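Here is the structure we will look at, set down as structure tokens.
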Amino acid sequence: MTPVRRLLVLLAALAVLGGAAAGYAAWAARRDPVPAQTGQAGQGGVLRPGQLMFRTAAGRVAGVPLGDTSAAPTGSGLACDRFSTGGGTSICLVARPGPVATTHAVILDRSMRETRRLKLAGIPNRARMSQSGRMASWTVFVTGDSYSEGGFSTWTGILDTRTGYAVTNIEDIPLTLNGRRYHAADVNYWGVTFAADDNRFYATVATKGKTYLVEGDYGRWQARTLRENAECPSLSPDGTRLVFKKRVSDDPDRMWRLHLLDLATMRETPLAEPASVDDQVVWLDERTVAYARGGDVWSVPADGSGAPAPLVRGASSPVAVR
């Protein structure tokens, strides 16, 4: 079994809620505008600056003050499998199990009311909004691609909420790998993170049993690899650093280690979290990141110093509202 196959099978098993339905259809259009649908998805005044938002163990989005994460959570009434927010706009991924499993990517305004809904193939895995709230991204697991030995592959999409243009699967973006234009049927992307300009983005690409950190240019619609073995990147608010998970072992209990990458020097530093973290972290501020581990949300300094600390028990999908 190749490393990427083991990776995809493991992540899929973690992402499946109640078990994956067999035979997912690879039917979603890949670079076509998706018509908008409006309606109400939830209510609640918790989306305000200074809050830490997260998904509770019951599957509802809630928030606590960043300065007092032990406070009683304020609920929103919104049910999500993955959640992210930025600039007053949020994305909520909702699994729709069935003979053909699907995911709804629901876009919400500052009042947590639905403004758009996209129907996607597969089951939810990652969601991310840009700082401004313009760009949304998601990753889902699907089956049916002929190159997927283990039965699972990833589809990652990007939505420009300003223009309404959606790319439901970015795997056809022209890719430069190690300085050369690259083509392969087994290319998979996941874990997008956006720069403040809403144009540059980073993500993971997997091909031929290896994973790479890629830098993408949305306007020019192109991407290039920066380094090997760097997954689920999260860009710092100032755009100078990334925290990513690095594969350090084949042991499922010790597979990942969080690292910081300085984009100017490409120097990496392991973070003080010794446990295996299979998540895309979020930045709480310029110095601290948060992530889900063991059913709780934790934080750790982003420079390799200090020690991990629990933030919210029974929670996942953390994100700071700035």
Residues of region 206-224 that turn out to be of a type in the set (D, E, K, R), more than 17 Å from ILE158 (Cα to Cα) and assigned to a loop (DSSP other than H, G, I, E, B), as a count: 1
VAL281: passes all of (1) surrounded by 16 or more Cβ atoms within 10 Å (Cβ to Cβ); (2) over 24 Å from THR85 (Cβ atoms); (3) out of contact with any helix residue (DSSP H, G or I) (no Cβ under 7 Å at 6 or more places or on another chain); (4) touching a residue at least 24 places away in the same chain (Cβ under 8 Å) but (2)
Within region 209-229, work out how many residues are more than 18 Å from ARG267 (Cα to Cα), at pLDDT 95 or above and surrounded by fewer than 17 Cβ atoms within 10 Å (Cβ to Cβ). 6
Confirm whether ALA302 is modelled with pLDDT of 95 or more, surrounded by 19 or more Cβ atoms within 10 Å (Cβ to Cβ), among the hydrophobic types (A, V, I, L, M, F, W, C) and touching a Leu at 6+ places or on another chain (Cβ under 9 Å). yes
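What are the residues in region 180-205 that are under 18 Å from LEU263 (Cβ atoms) and not in a strand (DSSP E or B), if any?
ALA195, ALA196, ASP197, ASP198, ASN199
Please go through region 85-103 and pick out each residue that is farther than 21 Å from MET129 by Cα and within 14 Å of the chain's Cα centre (by Cα). Step through it out loud before you land on a result.
First, pick out the residues of region 85-103 that are farther than 21 Å from MET129 by Cα: 96-101.
Hits for region 85-103: nothing passes.
Could you pull out the residue among THR85, THR69, THR74 that is surrounded by 15 or more Cβ atoms within 10 Å (Cβ to Cβ) and modelled with pLDDT under 95?
Details: THR85 fails: modelled with pLDDT under 95; THR69 fails: modelled with pLDDT under 95.
Step by step, each of THR85, THR69, THR74 is checked, and only THR74 is surrounded by 15 or more Cβ atoms within 10 Å (Cβ to Cβ) and modelled with pLDDT under 95.
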Specify the residue that is surrounded by the fewest Cβ atoms within 10 Å (Cβ to Cβ); the eligible residues are those in region 306-317 that are part of a strand (DSSP E or B) and in contact with an Asp or Glu (Cβ under 9 Å, 6 or more places away or on another chain). PRO310
Of the residues in region 116-173, those that are out of contact with any strand residue (DSSP E or B) (no Cβ under 6 Å at 6 or more places or on another chain) and at pLDDT below 95 come to THR143, GLY144, SER146, TYR147, SER148, GLU149, GLY150, GLY151
When PRO252 is evaluated against the numbered criteria (1) at pLDDT below 95; (2) within 18 Å of the chain's Cα centre (by Cα), which criterion, by number, is the only one it fails? (2)
Scan region 225-242 and give yes if some residue there is touching a Leu at 6+ places or on another chain (Cβ under 8 Å), more than 20 Å from ALA292 (Cα to Cα), of a type outside the set (D, E, K, R) and in a strand (DSSP E or B), otherwise no. yes
Among strands (runs of 3 or more DSSP E) entirely inside region 59-163, those with 1 or more residues being in contact with a Lys or Arg (Cβ under 9 Å, 6 or more places away or on another chain) and of a type in the set (D, E, K, R) are 82-86, 89-96, 114-121, 123-129, 153-160
So which residues in region 254-305 are outside any loop (DSSP other than H, G, I, E, B) and out of contact with any strand residue (DSSP E or B) (no Cβ under 7 Å at 6 or more places or on another chain), if there are any at all? ARG267, ARG293
Residue pairs within 8 Å by beta carbon, gap of at least six or interchain, first lying in region 137-154 and under 13 Å from ILE123 (Cα atoms) and of a type in the set (Phe, Trp, Tyr), second assigned to a loop (DSSP other than H, G, I, E, B) and at pLDDT 90 or above, listed first then second, are PHE141/GLY122
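The values are calculated or read from the model by the stated rules, or taken from the named source; none is laboratory data. Keep in mind that what you see is a predicted model, and the values were worked out from it rather than measured. Note that each Cβ is placed from the backbone with ideal geometry, even for glycine, and that neighbours are counted across all protein chains shown.
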